[in-house]
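Have a look at the structure below, then the notes.
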């Protein structure tokens, strides 16, 4: 019978009973064999390390597989903005460089700093960089992934060097990040000590602001207030004067006589201007004389003109 045959074969010498699956893990193996260049004991690995060290000395990007930027990171684009961010050691996670991008002095220095800091440098094809930057075709072949911007406290902007009069710019309802970046650039250029933003109805420090500031965000603190009016009131209690910029102001900029005082300059949006509550807090409303053919100036241009006048007055009074 078949059953007897099975019983007899089970008693044959040399047969083994199954393990019941206990040896399954051993049979699975250790996965695919790593590439030679990834095995630390292999000569190919040493050649790869030597090539990376040589590339770092030459300021060349390491060629690695493209990947998505870490969630929550901002991409700073443009050669000036990226270089300024790297120079000031802004917390960054990855430097992206377009393949076959023309290397100028700014690009070489950026690569050198990134390699020195052991920051991952990824060479990607230009369409991939276009995608990573959200279609920003002005990235100039380079982008830097940075951690979300950390805003200062409004009172931190009062920490100036000994003998310097505080000069702060507050923005009321400016929602264009390019305008914000241009304002930050003017503040840095004319000796200002920081920019104050309201938490609502305002642009924030994004990649677009980084780019339009040409990297000035890296050396100019930006503070955020939950309530702009309360922050301005706190500044006034600290002895600062508040000057609003408006086309209908009572005092023309050439006659402005508070430039040599601790000062907050407030600029509103091009359309709505200063809000009612902020206007009421201003010690003076200043207007910038312009041609009758031009209705108004946007916030960044008006702020730049006002800061130049203030800086000139302060330099003349020293």
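Based on this model, can you work out whether residue 119 counts as in contact with a strand residue (DSSP E or B) (Cβ under 7 Å, 6 or more places away or on another chain), buried (at least 19 other Cβ atoms within 10 Å of the Cβ) and outside the structural domain of residue 209 (by TED's automatic domain parsing)?
Numbers: in contact with a strand residue (DSSP E or B) (Cβ under 7 Å, 6 or more places away or on another chain): yes; buried (at least 19 other Cβ atoms within 10 Å of the Cβ): no; outside the structural domain of residue 209 (by TED's automatic domain parsing): yes.
No.
Just checking, how many residues over segment 254-296 are closer than 21 Å to residue 229 by Cβ, part of a loop (DSSP other than H, G, I, E, B) and touching a residue at least 60 places away in the same chain (Cβ under 8 Å)?
5
Among the residues of segment 182-200 satisfying the criterion of being touching a strand residue (DSSP E or B) at 6+ places or on another chain (Cβ under 9 Å) and without any contact (Cβ under 8 Å) to a residue 60 or more places away in the chain, which is surrounded by the fewest Cβ atoms within 10 Å (Cβ to Cβ)?
Kept after step one, since they are touching a strand residue (DSSP E or B) at 6+ places or on another chain (Cβ under 9 Å), are these residues of segment 182-200: 183-184, 186-187, 190-199.
Still in the list and also without any contact (Cβ under 8 Å) to a residue 60 or more places away in the chain: 184, 193-195, 197-199.
Working: 184: 31, 193: 20, 194: 23, 195: 29, 197: 25, 198: 20, 199: 12.
The extreme case among them is 199.
Yes/no per residue for (1) over 14 Å from residue 303 (Cβ atoms); (2) modelled with pLDDT under 95; (3) surrounded by fewer than 16 Cβ atoms within 10 Å (Cβ to Cβ):
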| position | (1), (2), (3) |
| --- | --- |
| 272 | yes, yes, yes |
| 281 | yes, no, no |
| 284 | yes, no, yes |
| 287 | no, yes, no |
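Anything in segment 234-256 that is within 16 Å of residue 278 (Cα to Cα) and surrounded by 13 or more Cβ atoms within 10 Å (Cβ to Cβ)? List them, or say none.
Across segment 234-256, the qualifying residues are 234, 235, 236, 240, 241, 242, 243, 244, 245, 246, 247, 249.
Residue-wise test of (1) in contact with a strand residue (DSSP E or B) (Cβ under 6 Å, 6 or more places away or on another chain); (2) closer than 14 Å to residue 266 by Cα; (3) assigned by TED's automatic domain parsing to the domain that holds residue 266; (4) at pLDDT 90 or above.
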| site | (1), (2), (3), (4) |
| --- | --- |
| 180 | no, yes, yes, yes |
| 202 | no, yes, yes, yes |
| 216 | no, no, yes, no |
| 221 | yes, no, yes, yes |
| 226 | no, no, yes, yes |
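Test of understanding: among 175, 220, 133, 206, which residue is surrounded by fewer than 16 Cβ atoms within 10 Å (Cβ to Cβ) and either touching a residue at least 60 places away in the same chain (Cβ under 8 Å) or in contact with a helix residue (DSSP H, G or I) (Cβ under 8 Å, 6 or more places away or on another chain) (or both)? So that I can check it myself, show each step before the final result.
Working: 220 fails: surrounded by fewer than 16 Cβ atoms within 10 Å (Cβ to Cβ); 133 fails: surrounded by fewer than 16 Cβ atoms within 10 Å (Cβ to Cβ); 206 fails: surrounded by fewer than 16 Cβ atoms within 10 Å (Cβ to Cβ).
Matching residue, one of 175, 220, 133, 206: 175.
Can you pull out every residue in segment 85-116 that is outside any strand (DSSP E or B), at pLDDT below 90 and within 16 Å of residue 147 (Cβ to Cβ)?
85, 86, 88, 89, 90, 91
Are any of the residues in segment 148-167 surrounded by 13 or more Cβ atoms within 10 Å (Cβ to Cβ), part of a strand (DSSP E or B) and over 20 Å from the mean Cα position of the chain (by Cα)?
yes
So which of 85, 92, 98 is touching a helix residue (DSSP H, G or I) at 6+ places or on another chain (Cβ under 6 Å), within 22 Å of residue 221 (Cβ to Cβ) and surrounded by 15 or more Cβ atoms within 10 Å (Cβ to Cβ)?
Selected residue: 85, the only one of 85, 92, 98 that is touching a helix residue (DSSP H, G or I) at 6+ places or on another chain (Cβ under 6 Å), within 22 Å of residue 221 (Cβ to Cβ) and surrounded by 15 or more Cβ atoms within 10 Å (Cβ to Cβ).
What is the one condition in (1) out of contact with any helix residue (DSSP H, G or I) (no Cβ under 9 Å at 6 or more places or on another chain); (2) in contact (Cβ under 8 Å) with a residue 60 or more places away in the chain that residue 167 does not satisfy?
(1)
The values are calculated or read from the model by the stated rules, or taken from the named source; none is laboratory data. Remember, it's a predicted structure, so these values are computed and weren't measured experimentally. Counting neighbours? That spans all protein chains shown, and the Cβs are built from the backbone with ideal geometry, glycine included.
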